Structures are given as C-alpha cells and as structure tokens.
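Only one structure is covered here, and it is reproduced in the block below.
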Amino acid sequence: MITKDKEFLNKLSNILTKKISPANSASAINKLFKNYLNVEEAEFIIWDNNNMLLKDFAQDWKIFKNDDFGNEINYIYSTLSMSNGAKFYFNEAEFDCDIKEEEQYKILELKSDKNIIFFPLVSNGEVFGLLKISSEKNAFTTEFFTLLNISSKLISGTIINYILNEQMEISLNFYKAMKDIAKIIESQYELSYIIPLIGEMIDRFMSSHLIYIFIFKEDKYRLVWPNACKDTNIYNLLNEISLKTEYVLSYDGKIGVFPLVGEDNILGAIAAYSNIDKLLQKDIDYLFQLTRQSGLTIQRANMYAEVLQYATMDALTGLNNRRQFELRLNQEVSNSKRNNIPLCAMMLDVDYFKKVNDTYGHAAGDCVLKGVSDIIKNEIREYDIACRFGGEEFFIILPRTKLPEAASVAQRLRKVIEEAKMDIKSAGVKNISYINISVSIGVCAYNESMEVNAFVQKTDKALYEAKTTGRNRVIVA
C-alpha cells in the first residue's frame, strides 16, 4: 500500500474515532473522499428496520421520498441485501465487490455523465446501508475499489456503534424519566404543575413521536397537554381503551394510546403520535411503564386536590373560604405589582339578612346564601376569584380588570340578584317557596402604593357607603 493510501486510511480512522455528530462525521468523511479519491460527493444511506425506510445518516435521519430517486435506491438496497454485500452498483450496472484486474477495464468502458457508485455497508454479514459516491471523473481504479472496500468496513463499524449508543442513550433516558416521575410523586401535588412536567419528560424521551396527555372528566377525554391535538385517529383510539386495556395501537403502528389508570377507574390517557415512525415493541414497553407511573402520580394529585378542596372551600356556599381568600388576594396583588396589570375587587353584602333569618329561620338564610353564591359563580369569569368573606359578606377578586369594567360587573350582579327568586323550599317555611332579596356592593381598584389590608379596607368602606346610603346599590371607591 502506497504512502498516500496509508495517509488516507489514517485520516479516516481519526475522523471515525472522534466523538462528533453523524452530520459532522459525514461531512468530514465527504471532504476526505474529495481530497484523496477525487470524488464529488460521498453520502451515507441507512436502512431503518423499525419503519422499513431508507434514511440519510448525515441529515438527521431524513427519509428518502417515494420519488424516482427514492425508488431507485430502495431497489438497489434490496438487490445488494440479497447478495449480502458481495456486489455493488456502478452506473446502474452490478459488479462483484472483489474486483479483479481484468474486470476493471469493463468498468472503465462504461461511459456516463453521472458516474455513481452504490457500495454496501455491512454488519455481521448483513447489509444495513449504502455508501453513495458520485464523480464526473473516471478515477475509479482497482486501487480506488481496494480503499473503498476497507473504508466501507471502517465506516460500517462506526455507524453501527453510533446506532447502538443511541439505543443505549434511549434506555438511560427511560430510566431517568421513570426516576423523575417518581420524584414528582414524592414532592408535587398540583395537577396543573405535574402534567406539563410529565409531558415534557416523555416527549424528550420519545423524540420520534409527539406526546399528548388527556384527562378523563365528565365521561369525556379532555386534552390537557399540549394545547392542541387535531388528529381524529387519536380520539378514535381513546374510545377503545378500558380498565383492562394495556394500550391500543393504530393499524399502521404509528399511533399508540396508553390509559392512565387509578385504583378502579380511568384517569385519562397518554397518546404517542407520528406520521412517519412506527412504535417499536421496546417503545411500547417503555410507554406502558411510564404511563403506569404517571397514573400513580395523577391519582395522588387528585386525592390531594380533593383534600385541599375541603380545606380551602366554604362548606355552605362552595366558594373559597376566608383563609384561601387571603392567600389568593396576596398572590393577585403580587402579580399586579410585578407585571403592572390592573386589579379590582368587589365586596358584596346581603341586605337585611338578619331580617331573613328572624322571619323565615336560619335554614332559609342558608338557602339565600347558597342562591347568592350560585349567581356569583354564574356571573363572574372563570379566572375571577369568589370567596365567602364571613356571614352574609362575599369578596370577589377581579384580576386584569380596570375600574369601569369592575363597576359594570357589579351592577350586573346586583341586578341579577335583585330579579332572582331565592328558593327556600328546603327550609320548610309554610306556604313560602321563594323570596326576593337585594345586595349592596362596594368596588375598588388596586394601586401599587396600597398594602393588601388597605385594599380590603377601602373596598369594605365602599360597601359600607352603599349600605348607609340606601342599600341595593353599587358604590365605587
């Protein structure tokens, strides 16, 4: 072997032993081939057993389309696979890899503008890819094919090692994801916080598939992470799962749905979707275990939410209690200061409530408070925060709301309550099923110079003014 050939193989070995990405490795080899072997381009085409597709190793496993070129290389790959790598293609003609001197002239006689070689990449006697070399020069000598034969073996070993390392990394990522989800179980309870974390962990692990998380609520699967899922096939598969189902796959194996199971009920589901890659059995096993672990986490969060609900909710009205009110008000005040967004509040009091209790009894008074709280829930926005402040007083926090809008909401609320008939049938008052009531409301806007207590006091003062100036009215502080 001449000095130049040894130099080429030494440089190739140096490239292959470096810890660089497939794209960088392919680029360096391509440059080496150009400099030493007088070729225009060297490309690496790898067969993906999982999806039965050919992919470009140098371009992040880009798939070759079903066009003329894609069909051609699929045909060549199939033919070379059947020969176990004993043959190669040169300008659409087939040759043995072990070229003899007299056959070299046959190769050189082939005249073509493109001069393309497809050379097999082999591991353990099986073809797993192709090395595509193109050149405008007739520089393909016996020495060239000798170097190409040696080079393909070195390159094959490196690519196989890369694939194995990638698979090992996936396994390590799986165990890390399982460990991270277990940590969430130990330390986190808020479902709104837990689900995005689980989604992001599984999404990183399943890089070839999009991940969706659904919660089963009110006999329906509701997407909770990420924001949108438009594939109807996923929703169809969701309807096929049950408590006894481990998972459901689409007919082509590219979509998998895995139920999130509680002790005796379905909590939701995790879906993995791709329009390209099939789910391997190993992927299915991983997702099954991750989903089971996630189910435990979500069940625990649900139990915590139930306990928390009783700890933070007023038992009679179902609104936030005084303790929760203080917590939420501090949060909204901090948010208003930090992000410079408007914040308003209103304080509401049932007019002549003592008279209701004295005339119809305390059970009727409870019915009135429930009726008022139901109207409040219906009339305010989803992100507004209603609390029972004490007795017949209610406090409503209005985030991202300016004073004119808050005053308008208060007037609407006052009018709806005035026109409503409060159902007191359950109080058992003889011959009386409904009564009419009114409320007084004080409204206040927060400004950053206020302390939280001053904000509450100013709102309360506006309410007091509404009550002392005639009741059944709204006063803006």
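The values are calculated or read from the model by the stated rules, or taken from the named source; none is laboratory data. A quick note: this is a predicted structure, and the numbers were derived from the prediction, not measured. Please note: Cβ atoms are built from the backbone with ideal geometry, for glycine as well, and neighbour counts cover all protein chains shown. These area figures cover heavy atoms from the full protein model, side chains too; ligands, DNA and RNA do not enter into them. Shrake-Rupley method; radii C 1.70, N 1.55, O 1.52, S 1.80 Å.
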For the chain, just run the numbers: alpha carbon Rg, then divide by 2.2 N^0.38 Å, N being how many residues it has.
1.57
Largest-first ranking of D277, D203 by accessible area, probe 1.4 Å, whole protein assembly kept, is D203, D277
Express the accessible area of the chain per residue in Å², computed with a 1.4 Å probe while the remaining protein chains stay in the model.
54
Report, in listed order, any pair from K19/K55; K11/K132; K6/K55; K230/K282; K18/K87; K354/K402 with a Cα-Cα distance greater than 24 Å.
K6/K55; K230/K282; K18/K87; K354/K402
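So for segment 242-317, averaging the separation of alpha carbon pairs under 8 Å that are six or more residues apart and normalising by length, what relative contact order in percent results?
Numbers: 82 pairs, mean separation 19.4, N = 76.
For segment 242-317, the relative contact order is 25 percent.
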Over the chain, the sum of -39500 (n - 2.57) across DSSP H runs of at least four, divided by residue number and rounded to 500 deg cm²/dmol, gives at 222 nm -16500 deg cm²/dmol
Whose amide H sits under 5 Å from the amide H of I437, counting only residues 5 or more places off or on another chain, with H placed in the peptide plane?
M422
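I need the GluC sites (Glu not before Pro) found in segment 390-452, filtered to DSSP loop residues with at most 14 other beta carbons within 10 Å of theirs.
Numbers: sites: E392, E393, E405, E418, E419, E448, E451; in loops: E392, E448, E451.
Answer by residue number: E448, E451.
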Scan around G268 for amide H atoms under 5 Å from its own, H built in the peptide plane at 1.01 Å from N, and keep only partners 5 or more places away or cross-chain.
F216, L260
Accessible surface ranking that places the most exposed of S449, S83 first, with a 1.4 angstrom probe
S449, S83
With x for Gly and Pro, the residue-by-residue ³J(HN,Hα) of segment 234-248, computed from phi through the Karplus equation 6.51 cos²θ - 1.76 cosθ + 1.60 at θ = phi - 60° and given in whole Hz, is 5, 5, 5, 5, 4, 6, 8, 7, 8, 4, 8, 7, 7, 5, 10
Sulfur and carbon atoms: percent of accessible area, the chain [1.4 Å]:
48
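Mind checking segment 403-437 for trypsin sites (Lys or Arg not before Pro) that DSSP puts in a loop (not H, G, I, E or B) and that have at most 12 other Cβ atoms within 10 Å?
Working: sites: R412, R414, K415, K421, K425, K430; in loops: K421, K430.
Those satisfying the criteria are K421, K430.
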Relative contact order of the chain, defined on C-alpha pairs under 8 angstrom at six or more residues apart (%)
9
